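Everything on this sheet refers to the single structure shown next.
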Amino acid sequence: MSTLLLWLEAPLQSWGADSRFGRRATLPFPTRSGVLGLLCCALGRGGEQQEWLARMRDYPQTVVAYAPEHREVAPLLRDYQVVGNGYTPDEPWQDLMIPKKSDGKRPVGSGAKITHRFYIQDMAFACALGLPDGEEETIRAGLSCPVWAICLGRKNCVPSEPVFRGIFSTEDEALEQAARLAAEKIRRERFRVFDGAREDGETMTLNDVPLCFGIHKRYQD
């Protein structure tokens, strides 16, 4: 097994594990499903991808969180949004943007929906992901020249630094390189996540191991 090193840095990131409807929360670290989704974008892998996800299921993922050296970790940013407002039903293309009722009819009033979306601010994450044999060169090529735009959780979270940072023989080598990158950027390690368990002893159960992407997504704990 080799280890892929990703450097995930941006002004804003959002890694939701169970968010639905009007409240879109984020975990304080990248999710496994989010990282694999990022790889699918880079490789141009659309649809369900059940066979590929099954290959990736048992390979470990370790995340190291780095914040600026001389500042505390910034609190989550909450973005208040109104979706579907300001459109007129007189224009067919604008009418498509107006939220509809379950029967397809327009609601009384504007139909606008209020959403609250949460973001991680000014963090960088080193993600060391185990790779099965034979995937290295395909992933190297995809991340070097992505087929589709890659983002850090949501489409508006654009990476501010190159994401691909190499493929290494061991996880220790990958994380040593991440530590060097962090030192160059004057960032200090704050915590680590090992497949959902934080280094300080906190454990979490997440329904975040993807079994199937596409329209009907499925996950396991």
Scanning the stretch 161-174 residue by residue, those under 23 Å from Leu12 (Cα atoms) and open to solvent by less than 40 Å² (accessible area, probe 1.4 Å) turn out to be Val163
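With the structure loaded, tell me whether Asp79 is out of contact with any Gly (no Cβ under 9 Å at 6 or more places or on another chain), surrounded by 12 or more Cβ atoms within 10 Å (Cβ to Cβ), farther than 30 Å from Glu171 by Cβ and in contact (Cβ under 8 Å) with a residue 24 or more places away in the chain or whether it fails that test.
Values: out of contact with any Gly (no Cβ under 9 Å at 6 or more places or on another chain): yes; surrounded by 12 or more Cβ atoms within 10 Å (Cβ to Cβ): yes; farther than 30 Å from Glu171 by Cβ: yes; in contact (Cβ under 8 Å) with a residue 24 or more places away in the chain: yes.
Yes, satisfied.
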Here are Leu43, Leu39: which of them is in contact with a Ser or Thr (Cβ under 9 Å, 6 or more places away or on another chain) and at pLDDT 85 or above?
Leu43
Any idea how many residues of the stretch 100-119 are open to solvent by 30 Å² or more (accessible area, probe 1.4 Å) and without any contact (Cβ under 8 Å) to a residue 60 or more places away in the chain?
12
Could you tell me which residue of the stretch 55-76 is nearest to Asp195 (Cα to Cα), considering only residues that are acidic (Asp, Glu) and open to solvent by 90 Å² or more (accessible area, probe 1.4 Å)?
Asp58
Does the stretch 146-185 hold any residues that are over 26 Å from Phe118 (Cα atoms) and of a type in the set (Ser, Thr, Tyr), and which are they?
Ser169, Thr170
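Taking strands (runs of 3 or more DSSP E) that do not extend beyond the stretch 155-221, which have at least 1 residues that are at pLDDT below 95 and closer than 27 Å to Ala74 by Cβ? Quick ask: steps written out before the conclusion?
Values: elements: 164-168, 187-194, 209-212, 218-220.
So the answer is 187-194.
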In the stretch 88-116, how many are modelled with pLDDT of 80 or more and more than 30 Å from Gly34 (Cα to Cα)?
7
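Quick check on my filter: what residues within the stretch 80-115 are among the aromatic types (Phe, Trp, Tyr) and under 20 Å from Arg23 (Cα atoms)? Spell out the reasoning first.
Taking the stretch 80-115 first, the residues among the aromatic types (Phe, Trp, Tyr) are 80, 87, 93.
Answer for the stretch 80-115, where residues must be among the aromatic types (Phe, Trp, Tyr) and under 20 Å from Arg23 (Cα atoms): just Tyr80.
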Output the number of residues of the stretch 169-221 satisfying the condition of being under 14 Å from Gly34 (Cα atoms) and out of contact with any strand residue (DSSP E or B) (no Cβ under 9 Å at 6 or more places or on another chain).
2
The stretch 13-26: number of residues that are surrounded by fewer than 23 Cβ atoms within 10 Å (Cβ to Cβ) and within 11 Å of the chain's Cα centre (by Cα):
2
Name the pairs whose Cβ atoms lie under 6 Å apart, with the first residue in the stretch 199-221 and over 13 Å from Gln50 (Cβ atoms) and in contact (Cβ under 8 Å) with a residue 40 or more places away in the chain, the second open to solvent by 90 Å² or more (accessible area, probe 1.4 Å) and part of a loop (DSSP other than H, G, I, E, B), and 6 or more positions between them or separate chains?
Asn207/Asp221
I need a count of the residues in the stretch 118-143 that are part of a strand (DSSP E or B) and of a type in the set (Val, Ile, Thr).
1
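Quick check, is Val147 surrounded by fewer than 17 Cβ atoms within 10 Å (Cβ to Cβ), of a type in the set (A, V, I, L, M, F, W, C) and modelled with pLDDT of 95 or more? Quick ask: steps written out before the conclusion?
Working: surrounded by fewer than 17 Cβ atoms within 10 Å (Cβ to Cβ): yes; of a type in the set (A, V, I, L, M, F, W, C): yes; modelled with pLDDT of 95 or more: yes.
Judged against the criteria, Val147 is a match.
The values are calculated or read from the model by the stated rules, or taken from the named source; none is laboratory data. None of these values were measured; they are calculated from a predicted model. Neighbour counts are summed over all protein chains in view; Cβ atoms, including those assigned to glycine, are modelled from backbone coordinates with ideal geometry. When the accessible area is computed, the model is the full protein with side chains, heavy atoms only, and any ligands, DNA or RNA have been set aside. Shrake-Rupley method; radii C 1.70, N 1.55, O 1.52, S 1.80 Å.
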